[in-house]
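S.K.: Got a structure for you, written out below as structure tokens; questions coming shortly.
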Amino acid sequence: MVLFRFLAFLSYCSVALALTYKGVDWSSVLLEEQKGIQYTAGGSAQPLEKILAANGVNSVRQRVWVNPSNGDYNLDYNLKLAKRAKAAGLSVYLTLHFSDTWADPGHQAIPSGWPTDIDNLAWRLYNYTQQVSNAFQSAGVPPAIISIGNEITAGLLFPTGSTKSYYNIGRLLNSAAYGIKDSSINPKPKIMIHLDKGWDWGTQEYFYTQVLNQKGLTLDAFDAMGVSYYPFYGSGATFSALETSLTNMANKWGKQIFVSELDWPTSCPSPAQPFPSDMKNIPFSADGQTQFIKKVASQGSEPLHPLHFGAK
């Protein structure tokens with residue numbers, strides 16, 4: 001299933017030359033290899049990074065957890081993975097989860113041992129992003145993009161950074177951003193804020209308006225806005241809704257826009273939610289994945305809202 005996702009994306013990358021970043025989330029590759037999983041191209045097993053690069057991918061996304069109990073996705077894990085990416089000519093896009101485990105709209109747990117009051121938490125976050133950035137620079141693999149949080153529509157670092165205080169959210173994001181800016185990393189990466197529901201302009205507008213109005217975060221602290229786009233969570237996630245949302249985001253805030261996460265199933269016999277009406281002719285198959293990705297990529301039009309692209 002994972003391999004089909006990769007290949008469906010790759011089949012389009014070779015012709016999607018207008019996209020600056022053509023990426024794949026390969027965070028779990030080391031774990032898969034430890035289980036004996038192999039990737040093949042042309043009938044022969046090859047390192048995944050070589051397959052990706054040969055098929056038009058130019059960037060890989062990696063999730064970073066602070067102190068996971070088994071070490072998976074920690075700093076050392078990601079440095080090892082990033083070195084492989086660089087050797088294959090791929091840029092690296094880090095997603096800092098600011099947690100010891102998965103962070104998503106419903107889960108944003110503060111890492112163990114971190115303070116919970118806003119002043120000390122903001123300072124700890126600044127130091128953390130600076131340390132991570134310095135570590136990648138010292139290893140010779142400075143990332144091209146760093147996302148400060150993962151799908152933080154409901155906030156980050158709960159409960160301190162929940163939507164009960166958009167000022168706290170903004171302050172934490174500002175601290176995270178300036179930890180990167182004040183690090184030794186060179187050249188400086190694009191700093192991204194990543195929300196879910198990329199098709200829902202109302203969600204995007206409300207979050208950024210609230211955070212920026214509270215003055216904890218300024219527009220010049222970050223460079224890019226990332227979104228997730230999963231059509232199987234509701235019928236409202238149409239291509240036209242995505243187009244409207246991305247266009248409005250770029251016009252209102254002037255940032256670079258990334259579709260950071262997306263997916264299309266190869267099999268879906270019993271959907272939990274109805275799929276959007278404008279996708280009824282896209283099959284649940286590897287070929288359907290290719291069709292879906294082509295359509296998503298076509299939603300970005302230069303120079304109105306340059307769209308950068310990644311597949312999970």
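S.K.: So what's the convex hull volume per residue for the Cα atoms of region 166-312, in Å³?
M.R.: Cα convex hull per residue, to the nearest whole number: 121 Å³.
S.K.: Counting other beta carbons within 10 Å of each residue's own, what order do D200, D220, D76 fall into, fewest first?
M.R.: Starting with the residue having the fewest Cβ neighbours, the order is D220, D76, D200.
S.K.: Run the paramagnetic zone check for Q210: 7 angstrom along Cα to Cβ, then residues of region 246-273 with backbone nitrogen under 12 Å.
M.R.: none
S.K.: Where in the chain are the DSSP H helices whose alpha-carbon span along the long axis reaches 24 Å or more and whose Kyte-Doolittle mean is at least 0.0?
M.R.: What comes out of the filter, once short or polar helices are dropped, is none.
S.K.: Across the Cα atoms of region 88-160, what radius of gyration and what greatest pairwise Cα-Cα distance (Dmax) are found, in Å?
M.R.: Rg and Dmax of region 88-160, Cα atoms, are 13.3, 43 Å.
S.K.: Which distance in Å, rounded to a whole number, links the C-alpha centroids of region 229-282 and region 165-188?
M.R.: That distance is 29 Å.
S.K.: Separate question: Taking the alpha-carbon distance from K50 and a cut-off under 20 Å, which aspartates and glutamates remain once sequence neighbours fewer than 8 residues away in the same chain are dropped?
M.R.: D25, E32, E33
S.K.: So if I place +1 on the C-beta of Lys and Arg and -1 on the C-beta of Asp and Glu, and nothing else carries charge, what would the dipole magnitude of the chain be about its Cα centre? I want it in debye, nearest 20.
M.R.: Computed charge dipole of the chain: roughly 460 debye.
S.K.: Over the chain, with a single point scatterer placed on each C-alpha, what log10 of the ratio I(q)/I(0) does the Debye formula yield at q = 0.14 1/Å?
M.R.: -1.10
S.K.: Separate question: Considering amide H positions built from the backbone, and no H for Pro or chain starts, which residues 5 or more places from S183, or on another chain, come under 5 Å of its amide H?
M.R.: none
S.K.: Pick from L219, L48, L75: which residue has the top mean-square fluctuation in a GNM of the chain where Cα pairs under 10 Å get a spring?
M.R.: Result: L219 has the largest fluctuation of those listed.
S.K.: Test of understanding: ordering H97, H107, H194 by Cβ neighbours within 10 Å, fewest first, what list do you get?
M.R.: H107, H194, H97
S.K.: For a quick check: with amide H placed at 1.01 Å from N, whose amide H comes under 5 Å from K190's, ignoring anything fewer than 5 positions away on the same chain?
M.R.: Long-range HN contacts for K190: I145, I146.
S.K.: Moving on. So which residue, out of P269, P115, P283, gets the largest mean-square fluctuation from a GNM of the chain using Cα contacts under 10 Å as springs?
M.R.: Among P269, P115, P283, the largest mean-square fluctuation in the Gaussian network model of the chain belongs to P269.
Values quoted throughout were computed directly from the atomic coordinates according to the rules given, and no laboratory measurement underlies them. Small disclaimer: the values here were computed from a predicted structure and weren't measured. Ideal geometry is used to build each Cβ from the backbone, glycine not excepted, and the neighbour counts take in all protein chains shown.
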